[in-house]
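The values are calculated or read from the model by the stated rules, or taken from the named source; none is laboratory data. Computed from a predicted model, the values in this text were never measured in an experiment. As a convention, Cβ positions derive from the backbone with ideal geometry for all residues, glycine included, and neighbour counts pool all protein chains shown.
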Amino acid sequence: MGSCLSSDGWSSSPHPSSPSSPTSGAKRPGKAAPGRRQGPRSSSFEQLHRIPGRLFLNGASSVASLFTQQGKKGTNQDAMIVWENFGSRADTVFCGVFDGHGPYGHMVARSVRDSLPLKLSSHLEVNVGSDDHRECSIISHSGSMNSEETSSICLDKEPRVFTDIGEKDKHPDIFMTLKESFLKAFKVMDKELKLHPKIDCFCSGTTAVTVVKQGEDLVIGNVGDSRAVLGTRDKNDCLIAVQLTVDLKPNLPREAERIRKCRGRVFALQDEPEVARVWLPNSNSPGLAMARAFGDFCLKDFGLISVPEVSYWRITERDEFIVLATDGVWDVLSNKEVVDIVACAPARSSAARFLVESAVQAWRLKYPTSKIDDCAVVCLFLKTDAPNNSSNLKTADYMGTGRGKQEPSTPSSTDRSEILTDGDKEGTKKQLSSSLSHQEPADGNASVKEGDERSTLEGVSRVDTLLTLPRFVAGEQPPASTKAQK
């Protein structure tokens, strides 16, 4: 969840007397503001929620576990989905997590959760062609890519780190087909949000990290700073973490260059120098802490895009599971810690919940004066014939990204190098719990009560995705200070 801290003069819905063109330079779409009341869901979405194999609430199936928990910032703006037999294929699974931000971020996240898979499936069917082709391996589609649709193209090589490959003939046909489907589906999804009659996406948006697993092929589409991590084995049979996505933050050189070319501004505030944000050209708002997102149309003319970074991974017998999670998890747990926690979960069916509970515990210990963020997790297990629990818990530390090695972008994410050799599952759980409990809270207290909700103004405040909202008051001048309102 990207908490939105409203500036003065902004209510829960746009001010009725606000002009259509704010002084900040962002043009507001001319559509009716959404009310708080929502009509009944259409029959099509009621049918969608009854589809067998489609999970979007807390639960589990034979191949996946998913769980979300509301934080202390308000409405849970995270959403998630697991869709087995995706596209009417028995060997295909679609997974995704979505982290909303802004006043209507929860609505944007759920809309993308419901609509994006349908659009992806539709484009995939068009690209693949006839039913006869769908029964065989997916053939290459010779569509062209425009210059905007730049994404990392990755190939499974030794060592198992993503590398950029420029030639189409060096990766499977399925990747080119799915890549084009991802690009088209994300583009159509963003256009649909812009025209949505009930959701105001001008200053609200969502991340999306999505995965399509078809047989042994894995294709990932990502916008924003949610993350996908693979739990796999190295040559010594140690469980290691491989980061499959790049956190698309404004401080990445290629992202910052694009934003500045479009007259957007990228800088960090003095009180959080490690957090680069995107700002309008002539106004110190909204301060978005990501370079790509669905929605957020106040910034779409100034460098923010919804084009996904698409990457590929070939699954081997060493790969065990994939974890998709929102930044409520990654802000307090490293890739290594997440893989260890999932590996020692009591059962596959409870793995996502076990991870979320561990993240909540880490929030209370590491940042006791901050409000806990929403958390959403999807665990996709790659070995369907394995028992519904974890056995081999020998672990090590490793991470790869689509641009070579890259440390997690969140300042609190620190990978560990210790190897857990305890063969007893309970012993490993105690080690993980101990590693969290031995970290002293910022205020020096060893524990925080279960129901102790603290204000972000009482001490260290964790990163908010969106700081301020543009104010639509005629004749207003942008603030002189670079410090965002809180």
- Task: Spot the failing condition for Pro286; the list is (1) at pLDDT below 95; (2) surrounded by fewer than 21 Cβ atoms within 10 Å (Cβ to Cβ), and only one is missed.
- Result: (2)
- Query: In the stretch 257-288, what residues are assigned to a loop (DSSP other than H, G, I, E, B) and touching a helix residue (DSSP H, G or I) at 6+ places or on another chain (Cβ under 9 Å)?
  - Reply: Cys262, Arg263, Gly264, Pro281
- Report, by residue number, each residue of the stretch 34-50 that is closer than 17 Å to Val112 by Cα and either outside any loop (DSSP other than H, G, I, E, B) or at pLDDT 70 or above (or both). Ser44, Phe45, Glu46, Gln47, Leu48, His49
- Task: Tell me which residues, restricted to the stretch 222-247, are within 22 Å of Ala351 (Cα to Cα), basic (Lys, Arg) and out of contact with any Ser or Thr (no Cβ under 8 Å at 6 or more places or on another chain).
- Result: Arg233
- Item | Within the stretch 85-95, considering residues that are at negative phi and surrounded by fewer than 20 Cβ atoms within 10 Å (Cβ to Cβ), the one modelled with the highest pLDDT | Thr92
- Test result for Cys201, touching a helix residue (DSSP H, G or I) at 6+ places or on another chain (Cβ under 6 Å) and of a type outside the set (Lys, Arg): yes
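Could you tell me which of the residues Thr326, Thr316 is farther than 14 Å from Gly205 by Cβ and among the polar types (S, T, N, Q)? Lay out the reasoning, then the answer.
Details: Thr326 fails: farther than 14 Å from Gly205 by Cβ.
From the options Thr326, Thr316, the qualifying one is Thr316.
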- Item | Residues located in the stretch 223-279, provided they are among the aliphatic types (A, V, I, L, M), within 18 Å of Thr326 (Cβ to Cβ) and either modelled with pLDDT of 95 or more or in contact with a Gly (Cβ under 8 Å, 6 or more places away or on another chain) (or both) | Val223, Ala228, Val229, Leu230, Ala241, Leu244, Val246, Leu248
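State all residues of the stretch 292-334 that are outside any strand (DSSP E or B) and over 17 Å from the mean Cα position of the chain (by Cα); if no residue qualifies, say none.
Phe297, Cys298, Leu299, Lys300, Asp301, Phe302, Gly303, Ile315, Thr316, Glu317, Arg318
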